[in-house]
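Okay, so here's the structure we're looking at.
The values are calculated or read from the model by the stated rules, or taken from the named source; none is laboratory data. Just so it is clear, the model here is predicted, and its values are computed rather than measured. Cβ: placed from backbone, ideal geometry, glycine included. Neighbour counts: every protein chain shown. Accessible surface is based on the protein model in full, side chains and every heavy atom, while ligands, DNA and RNA are left aside. Shrake-Rupley method; radii C 1.70, N 1.55, O 1.52, S 1.80 Å.
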Amino acid sequence: MPAGRSAVVIGGGIAGLATAGLLAKEGFSVTLLEARGRLGGRAGSWEKSGFRFDTGPSWYLMPEVFDHFFRLMGSSAASELTLTKLDPGYRVFFEKHDESIDIAADRETNLDTFERIEPGGRAALTRYLASARDTYQIAVKRFLYSTFQSYRTALTRDVLGRTGRLARLLLQPLDTLTSRSFADPRLRQILGYPAVFLGSSPFAAPSLYHLMSHLDLEDGVYYPSGGFTEVISRITALAEVAGVTVTTDATVTAITTDGGKRAHATGVLYSDATGTDHRLDADVVVSAADLHHTETTLLPPALQSYPESWWRNRVPGPGAVLVMLGVEGALPELAHHSLFFTEDWQDNFERIFGRVTSIPDPASIYVCRPSATDDTVAPAGSENLFVLVPVPADPAIGSGGEDGTGSPVVEELADTVIAQIASWAGIPDLAERIVVRKTVGPQDFREDLNSWRGTSLGPAHTLRQSAFLRGKNASAKVDGLYYAGATTVPGIGLPMCLISAELVLKRIRGDVSTGQLPEPL
């Protein structure tokens, strides 16, 4: 037991809050420092004129991961959140196709849908989902909760028995697998789009990630009442009950070390809202900030495990232009989640991830309409829309603003996608009904979140940037310095961020197991 030991956590996003809470439950005296005036990181919020927007994650997948975290903290998801299973889970609009496709809340309906669109689709999707389910289960059991300190723990009978299949899934792109399974390009797009959740492209993400289709086509998509703002609120409350001291408007400027032959973290330097400098000593430092920022800004060159030269060979996930719209009147044409896919998908992704990048035109976009499920996010008779447009990870695209005051490229793109939604979904008067508008661009991600290259998600999940090949969660040069969040293992997404918090605790304990920690702590 770490009686009397102290820890400082940098960053008040979901990973930082979760890590702080788990360390407090473990017996550490924990202080969390957040540079901005509010918590949540990418899972932020913005309000105006009775509209309340989640400004980041909006898909509640892998509910068992959330529940496991809450149980580690002595609670449960059922106690902390009110979850609604969405039906349809999402709706998909396709360029040059009048018919949209709904992905239902139940597996059988989705099998029927695939069969209707492509004869033989039911049998093909049954095989695909069986593989996705098996891959997901082995990933949870052996890989997602592993720090990869010891590879022997993964050399188990269930992994070794799947070695050939797992190798094939790792070495072929996701698009190759979907193309072999289905002929209709719309079905291939539905099965390939989860690569975007991983900050990647279906043409680059390993087909191992077809496991994601188990989540949306079988497990279903959920929504927490109050949005993801409520998820952050509940995790914050549990952390504070466990004893965490949360300090906002505290910008960490350096991680301090003892200067010994083998450096050990001793705390941090930070400045408060008045510009006053402070020193906070600690036995353990956890950075849940962007890994690139942590390594290249908060540590001197001699102590950087991941120096700038390492990042030159990394692939960033996409940038994003976000468009938040308050709209008068109902929008039944849109589901809670709607996806808009372009016909030339490969060109779309090549523009984002290729050697020569540009903003796709038209773009494949995502639209969230939480007011379809939650009447607290918009005034009565109005709708709340959150639009995400994947773009290259390039801060030069610019920043956003309210009421059209963002950078010209960002605002022009916002106008374009509003017109695209209106045309594809059959809402001709959409633009005239907008009463609240705010945009966010890649430059905002860099300035507000210290995001590497302005990416909205983190390093892409390519073969060379997944599992043990991703940035490790402990410094190789500074003892007592650990990392959490989307830029380290296991990767991108709120469930992965919660798991990353648990992996920090495993590192500190010296636990090299691959399973979940016993509940509660």
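Taking all protein chains together and a 1.4 Å probe, the residues LYS506, LYS96 rank LYS96, LYS506 from largest to smallest accessible area.
Computed from backbone phi with θ = phi - 60° and the Karplus coefficients 6.51, -1.76 and 1.60, the 3J(HN,Hα) list for the range 49-57 is 6, x, 9, 10, 10, 6, 9, x, x Hz; x is used for glycine and proline. For the chain, relative contact order (Cα pairs under 8 Å, six or more residues apart, normalised by length) works out to 23 percent. Report, as a whole number in µm² per second, the diffusion coefficient that Stokes-Einstein gives for the range 402-452 at 25 °C and 0.890 mPa s using the Kirkwood radius over alpha carbon pairs. In µm²/s, the coefficient rounds to 201.
Summing Lys and Arg as +1 and Asp and Glu as -1 over all other residues whose Cβ lies under 12 Å from the Cβ of THR462 gives a net charge of +3.
In what order, largest first, do LYS261, LYS477 sit by accessible area if the probe radius is 1.4 Å? Don't skip to the answer; put the middle values down first.
Details: LYS261 215, LYS477 85 Å².
The ordering from most to least exposed comes out as LYS261, LYS477.
Could you work out the helix-only [θ] at 222 nm for the chain, with each DSSP H run of four or more residues adding -39,500 (n - 2.57) and the total divided by the number of residues, to the nearest 500 deg cm²/dmol? Let's see the in-between values first.
Details: 17 runs with 169 residues, N = 521.
Helix-only estimate at 222 nm: -9500 deg cm²/dmol.
Taking the solvent-accessible surface of protein heavy atoms with a 1.4 Å probe, what is the per residue accessible area of the chain in Å²?
38 Å²
Does the range 155-225 classify as rounded, prolate or oblate by the C-alpha gyration tensor (a ≥ b ≥ c root eigenvalues; a/c under 1.5 gives rounded; else a/b over b/c gives prolate, otherwise oblate)? Since a/c reaches 1.5 but b/c is at least a/b, the shape of the range 155-225 is classed as oblate. In summary, the lysines within cross-link reach of LYS477, defined as a Cα separation below 18 angstrom excluding same-chain residues under 8 places away, comprise LYS261. Classify the range 422-521: rounded, prolate or oblate, from the alpha-carbon gyration tensor (a ≥ b ≥ c, eigenvalue square roots; a/c under 1.5 rounded; otherwise prolate if a/b is larger than b/c)? It comes out prolate by the Cα gyration axes. Computed from phi, the 3J(HN,Hα) profile of the range 418-432 under the Karplus parametrisation 6.51, -1.76, 1.60 (θ = phi - 60°) reads 4, 5, 5, 4, 4, 6, 5, 9, x, 10, x, 9, 4, 4, 5 Hz, with x in place of Gly and Pro. Determine the shape class of the range 34-144: with a ≥ b ≥ c the square roots of the Cα gyration tensor eigenvalues, call it rounded for a/c under 1.5, and otherwise prolate if a/b is greater than b/c, oblate otherwise. It is oblate, given that a/c is not under 1.5 and a/b is not larger than b/c. Computed in the context of the full set of protein chains, the accessible area of the chain at 1.4 Å probe radius has 51% of its extent on carbon or sulfur.
Our estimate of slack between LEU160 and VAL435, defined as 0.36 nm per intervening residue step minus the Cα-Cα distance, is 93.3 nm.
The largest accessible area among GLU411, GLU95 belongs to the first residue in GLU95, GLU411, and the rest follow in falling order (1.4 Å probe, all chains). Relative contact order, whole percent, for the range 376-493 stands at 21, derived from Cα pairs under 8 Å and 6 or more residues apart.
Computing Cα extents along the principal axes in Å for the structure here picks out one of [x] 66, 56, 48; [y] 64, 49, 44; [z] 80, 66, 50, namely [x]. Here is the list for the range 268-317: trypsin sites (Lys or Arg not before Pro) lying in DSSP coil, each with at most 14 other C-beta atoms within 10 angstrom of its C-beta, are ARG312.
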